[in-house]
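Have a look at the structure below, then the notes.
The values are calculated or read from the model by the stated rules, or taken from the named source; none is laboratory data. Everything numeric in this text was worked out from a predicted model, so none of it was measured. When we count neighbours, we look across all protein chains shown, and the Cβ atoms used for this are built from the backbone with ideal geometry, even at glycine. The accessibility values were calculated without ligands, DNA or RNA, using every heavy atom of the protein model including side chains. Shrake-Rupley method; radii C 1.70, N 1.55, O 1.52, S 1.80 Å.
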Amino acid sequence: MSHASMLQAASGDGGSSPALIPILCLFLVMGLVQVVRPQLLWRLNSRLQRGWVKNPEATEPTAKGYAMQRVVGVLFLATAGWMLLRAL
């Protein structure tokens with residue numbers, strides 16, 4: 001890799017994928033769901049656990065667990081938003 005191509009790749013001007021914007025928008029929607037209604041994500045995940053967990057309903061997070069998911073969701077939204085702004 002030449003020095004010029006490494007500088008171009010490092011600057012972020014290296015021709016991003018056309019699918020990047022829709023994927024980042026999907027991430028923003030997922031982050032919003034995680035902040036606003038994390039219970040929806042738990043319900044989806046509990047259905048996926050049915051094959052190997054005896055009682056998936058017993059794995060529901062507590063109020064503190066949901067609060068932590070919201071905090072992580074805010075950080076996720078900030079990161080995805082920053083990435084989207086950089087891609088535009």
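Of everything in the range 39-53 that's part of a helix (DSSP H, G or I) and of a type in the set (Lys, Arg), which residue is most open to solvent (accessible area, probe 1.4 Å)?
47
Residue 5 versus (1) at pLDDT 80 or above; (2) open to solvent by less than 90 Å² (accessible area, probe 1.4 Å): which is the lone unmet condition?
(1)
Out of all the residues in the range 68-88, which are open to solvent by 70 Å² or more (accessible area, probe 1.4 Å) and among the polar types (S, T, N, Q)?
The answer is 79, and nothing else.
Can you pull out the residues in the range 56-67 that are in a loop (DSSP other than H, G, I, E, B) and open to solvent by 80 Å² or more (accessible area, probe 1.4 Å)?
60, 62
Name the residues in the range 35-61 that are among the β-branched types (Val, Ile, Thr) and either at pLDDT 90 or above or touching a Gly at 6+ places or on another chain (Cβ under 9 Å) (or both), would you?
35, 36
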